Amino acid sequence: MKNLLQKFNPFLFILTGTILTFLMFASFIFAAAEDEGTSSGGLISEALVGLFYIFRFPIHTLFWEFILEHWALYLPALLLNVALYAFIIERLVTRVWKKEIEM
C-alpha cells in the first residue's frame with residue numbers, strides 16, 4: 001500500500017477530479033435529454049451520452065438495485081465513481097511521469 005500511495009500528487013488528483021466532474025454532469029444532462037427524446041443527436045451529444053455510461057461504472061452497475069431503493073444515493077455514487085477514476089488517472093500519470101524522469 002505504501003508503494004501505491006508513494007508520491008501522491010493531490011493537485012493532479014483535484015484537477016483531474018474537477019475536469020471529470022464537469023464532464024460527468026454534462027454527460028448526465030445529455031443522457032437525460034436523450035432519454036426524454038429532446039437530444040440534438042449530434043456527434044458531441046452522442047459522445048457525451050456514451051460517456052455517461054462509462055461514468056456510471058462500477059458503482060451503478062454493481063449496486064443498481066440498492067441505488068433504486070435509495071434514490072438519494074444516485075448522484076453521490078456518480079461522484080464516487082469520478083473520484084475513483086480521478087485516483088486511477090492520477091496514479092497512471094504519476095507513474096508514467098516518474099518513469100520518464102528516471103530514464
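Of note:
- Members of the stretch 61-76 that are within 14 Å of the chain's Cα centre (by Cα) and open to solvent by 80 Å² or more (accessible area, probe 1.4 Å): 61
- Within the stretch 73-103, tally of residues that are part of a helix (DSSP H, G or I), among the aliphatic types (A, V, I, L, M) and farther than 16 Å from residue 17 by Cβ: 3
- Candidate set from the stretch 41-60 (those that are open to solvent by less than 100 Å² (accessible area, probe 1.4 Å) and within 15 Å of residue 85 (Cα to Cα)); member that is nearest to the chain's Cα centre (by Cα): 55
- None of 38, 16 is hydroxyl-bearing (Ser, Thr, Tyr) and surrounded by fewer than 11 Cβ atoms within 10 Å (Cβ to Cβ) except 38.
- Inside the stretch 19-32, residues that are more than 19 Å from residue 73 (Cβ to Cβ) and surrounded by fewer than 16 Cβ atoms within 10 Å (Cβ to Cβ) make up a count of 4.
- Scope the stretch 30-43; condition free of Cβ contacts under 8 Å to residues at least 12 places away in the same chain and among the hydrophobic types (A, V, I, L, M, F, W, C); matching residues: 32, 43
The values are calculated or read from the model by the stated rules, or taken from the named source; none is laboratory data. These numbers come from a predicted model, not from an experiment. In this analysis, Cβ positions are derived from the backbone assuming ideal geometry, glycine residues included, and neighbour counts consider all displayed protein chains. Ligands, DNA and RNA are stripped out before the accessible areas are found, and what is left, the full protein with its side chains, is counted by its heavy atoms. Shrake-Rupley method; radii C 1.70, N 1.55, O 1.52, S 1.80 Å.
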